[in-house]
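A short worksheet on the structure shown next.
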């Protein structure tokens with residue numbers, strides 16, 4: 001059969017297993033997308049299933065689009081059924097059956113920019129002391145209230161008249177309730193739903209309208225769910241009525257889930273890999289469950305696969321031992337025997353059968369470099385060396401744990417770009433959505449200055465201004481000198497106003513944020529080019545579009561991509577560089593990112609209350625919430641080793657791991673890596689895999705395999721020459737800004753920022 005050509009035995013089994021509950025455990029690079037698309041095509045072309053009776057749930061819109069295209073290429077059919085994200089599928093249900101919740105079919109689906117627009121209205125209407133709560137913080141708070149503290153909120157949205165909801169809003173006595181009920185009121189007034197609402201409203205319809213539930217159960221004969229390890233409890237509970245009842249109705253109905261516990265990195269937003277591990281089979285029926293393991297790696301060269309097998313194995317082994325010792329040392333009053341046993345070997349269990357066999361062959365076996373460095377990661381030197389070997393900038397991907405690290409890397413690369421005169425090493429920088437221009441403090445400060453220039457009474461902008469200026473109070477009044485300067489900006493076009501702000505506040509000295517400063521400048525230049533533009537016009541455009549743009553240019557031959565590990569899942573590059581491979585293993589216990597654990601108390605009075613939020617900290621281990629303390633510790637280690645697994649498995653040919661000698665407190669992934677490679681007489685061994693070791697004043701270096709050039713691309717045309725890109729307007733050393741001679745000079749800018757979709761509040765999603 002043509003559809004089965006090129007598939008290994010496990011992939012063929014996944015395609016042909018079309019009855020009962022099928023669970024596919026798919027490691028990195030194991031060809032799961034190929035198996036899923038072939039299965040879809042097999043059901044349509046061989047079994048005669050109508051595409052409209054098939055549901056395939058993916059994790060991202062990008063994955064859904066890719067799957068639609070692949071299926072179209074296989075079947076030639078434009079109708080590819082329900083291939084969508086979980087939220088997208090909820091939209092399909094709600095658009096078809098919106099009458100069940102009293103909403104029009106043309107309801108709004110809110111994104112972050114829409115939510116911020118609603119928050120702006122609330123802030124302006126109430127005039128409350130909300131200036132210390134950013135929009136981002138307010139969004140997080142609303143999500144937490146909807147998911148955890150007030151899960152029945154949707155009943156207010158569905159049952160209360162609009163006027164009653166507005167009483168609740170205006171009578172709120174604290175900022176938390178004002179924002180929450182103001183937001184619900186705005187949602188209902190606009191017939192708008194956010195991502196939480198999509199799930200909750202769909203679940204409500206299935207629970208309260210049996211006819212609608214039965215309709216969808218009968219329609220969906222075959223269901224496939226990708227990236228199942230990231231499924232949340234709420235999503236699972238939403239799907240379960242469809243899955244269970246559909247399977248009960250017919251022996252022909254099949255449910256297939258695909259996932260990998262080792263790539264579960266979204267627990268912080270509700271993802272629960274235990275559903276893949278145990279719960280799904282238990283609730284759909286152990287007897288009808290078939291498990292298939294995809295263990296062959298089609299992505300990486302053999303040495304990279306072998307290194308990852310052995311390194312991950314040793315890291316898991318050593319950390320699992322340490323965690324078991326921690327559990328053993330916990331006093332009996334803090335951790336009962338049953339809870340202790342349930343937590344033992346959790347990490348080891350998550351990584352059972354993790355090793356893969358390599359299927360990709362090349363002229364070279366592959367290469368892995370571990371650099372234990374002092375100071376800053378030698379990224380530029382390594383990129384130069386890679387270019388000298390023949391790799392193109394577009395062959396490289398730099399992975400970071402956080403947006404903060406991404407900013408540091410982007411600034412270092414752009415700083416080198418400004419100084420570099422060697423045509424061999426010209427490159428641009430592209431980042432994913434994790435590095436949104438408008439989220440950077442320096443961007444917010446520049447925009448706050450411009451807004452204060454137009455409206456000195458803007459309390460939110462004043463709070464941002466004061467916070468950036470390190471004033472003791474967010475609501476401190478501006479000095480007369482500050483007011484005079486800011487008002488003077490009204491006299492100038494946006495570009496000149498920007499430059500005056502930079503020079504007055506010495507913003508060019510904030511080297512770690514220089515990439516964002518440059519990005520704001522670029523956006524101002526592009527906005528003003530060829531038009532008569534003033535500050536109010538620019539600010540309107542910024543709020544609607546500009547602030548949501550990413551710190552990037554379009555991908556090309558000369559583009560190096562920087563992205564967070566979370567955004568990199570599913571991606572691959574010939575070369576992967578990890579400049580700060582030292583993130584902590586323990587849960588965050590301080591600062592703004594401190595963990596909130598949903599705990600259950602161990603005494604009778606607290607048990608009656610149920611689950612409620614507790615801030616994670618060490619003292620929690622000796623409290624009534626001690627069991628939750630140890631559980632969070634264990635699962636945080638799983639999360640952070642999963643991040644390491646995802647990062648290491650993105651590399652196709654050449655993997656470069658940089659571990660700082662200083663910085664991280666407590667156990668971290670870098671320590672785990674280093675303690676499992678023992679240098680001796682210029683060699684190093686990793687569980688039998690031999691490499692070389694060298695040392696100088698700046699770093700210790702461990703190498704495995706051959707540092708060779710890129711494997712030839714059979715589909716690639718002749719090698720492209722290095723493109724000499726025009727300099728940025730701010731590309732002079734030390735960001736030497738020139739004052740603009742006047743409005744709209746008509747200049748164009750060589751670097752074009754990527755423009756992700758950021759639909760405004762007024763846009764309606766009539767077509768899903």
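Quick note: the coordinates plus some simple rules give every number you see, no bench work behind them. These numbers come from a predicted model, not from an experiment. Every residue, glycine among them, receives a Cβ derived from its backbone with ideal geometry; neighbour counts consider all protein chains shown.
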statement: Checking rank on 402-411, 11-20, with mean other Cβ inside 10 Å and highest first, the result is 402-411, 11-20
query: If packing is taken as the mean number of other Cβ atoms within 10 Å per residue, what is the order of 36-45, 315-324, highest first?
result: 36-45, 315-324
- prompt: Extension gain residue 120-residue 328, at 0.36 nm per residue separation less the Cα-Cα distance, in nm?
  reply: 69.8 nm
- request: Indicate the gyration tensor shape class of the range 108-190 (rounded, prolate or oblate), computed on the Cα atoms with a ≥ b ≥ c the square roots of the eigenvalues: a/c under 1.5 is rounded; otherwise a/b larger than b/c is prolate and the rest oblate.
  value: rounded
- prompt: Over the chain, what relative contact order in percent results from Cα pairs under 8 Å that are six or more residues apart?
  reply: 18
field: residue 45-residue 174 pseudo-label distance in nm [points 7 Å out on the Cα-to-Cβ vector]
entry: 6.1
task: Would you please state which residues of the range 280-321 a label at residue 361 would reach in this model, taking the label point 7 Å out along Cα→Cβ and a backbone N cut-off of under 13 Å?
output: 302
task: In whole angstrom, note down how far apart the Cα centers of the range 159-196 and the range 1-36 are.
output: 47
query: What nm value, rounded to one decimal, do you get for the distance between residue 470 and residue 77 when each label is placed 7 Å out toward the C-beta?
result: 6.5
task: Please give the calculated 222 nm ellipticity per residue for the chain, where each DSSP H segment of at least 4 residues contributes -39500 (n - 2.57) and the sum is spread over every residue; nearest 500 deg cm²/dmol?
output: -13000 deg cm²/dmol
task: Under 1.5 on a/c is rounded, so check that first for the chain, then, if it is not, pick prolate when a/b is larger than b/c and oblate when it is not; a ≥ b ≥ c are the square roots of the alpha carbon gyration tensor eigenvalues.
output: rounded
field: Computed lengthening from residue 195 to residue 149, 0.36 nm per intervening residue step minus Cα-Cα distance
entry: 14.9 nm
task: Please state, rounded to one decimal and in Å, the Kirkwood hydrodynamic radius that the range 323-437 gives when every pair of distinct Cα atoms enters the mean of 1/r.
output: 19.1
message: Can you tell me how the range 39-193 classifies by the Cα gyration tensor, rounded, prolate or oblate, using a/c under 1.5 as the rounded cut?
response: prolate
query: If you stretched the chain out fully between residue 156 and residue 421, how much longer would it get, using 0.36 nm times the residue separation minus the C-alpha to C-alpha distance?
result: 89.1 nm
